Amino acid sequence: MIVRRLWHTLPGYLSRRLWGEVMIQRNYCEEAGARSDGLMIVSVLFIAAFTYIAFTTNPVYTGVGVGDRAPELEGQVFNGNTWTDYSLSDNIDPMWQEGDGGTWTMVEFMDTNCGYCKKVAQDEFPTQQSRWLGLDATRSTPANVSVEFLAVSIMLWDENTQGKEYGRSVIEQFRSDYGHNFPYMDVQDNSHQSDWGGLGTPTYFLVAPNGIIEYATPEADQGYSIWDAMEDKIPRGG
């Protein structure tokens, strides 16, 4: 009697057990499928975003040639009264486009003991600073466009070389002697070389408001000066 009852109930038990296992497996499959679908969606979104960035951005090499993004220049500058912090990046707007306002920066790498640096300091800069700098600048620019000069004082000779003097007091005196009204940066430790390389003096760069170098002395055609480039590149006022 007992055996007969077990015999009759066993198929139902096995059926329920088997159905339960099937449902469990089905749940596992559905959960795994959901996770797989989620990962696939995330992967597709990531690839789409990466592709969009790749096609809509124009990575620019940082260097010291025309068309390169100018390396950073940070340090202390003398403005005629005190030494203060300066960063070239403060003049840079990466989103700038031609026709926008902004600041154009003329950078001169110079040495206070360099004979030719002294010559241009005396013969060219007084005229050019009057032409480009300040509210009374004689070269017109749009109201939202400004021009800045930055002289970067580096060291071509060892400071112990006879007849060659260095130091901040020398920079201050040089600036004063030639009546310059733009900042002079002290980089006489030559720390610029890691980014800008070993430059002769004077070497000039014109940096556009977006940080792109528009003129570099080493690449310039003979007879084409920084002042010529500024005339050509910097927009005129109305």
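Throughout, read-outs are computed from the coordinates displayed, never taken from laboratory work. These figures come from a predicted structure and were not determined experimentally. Counting neighbours? That spans all protein chains shown, and the Cβs are built from the backbone with ideal geometry, glycine included.
Quick notes
- Residues Arg236, Arg168, sorted so that the one with the fewest Cβ neighbours within 10 Å comes first: Arg236, Arg168
- Per residue, the average separation of C-alpha pairs within less than 8 Å and at least 6 apart gives segment 73-191 a relative contact order of 33 percent.
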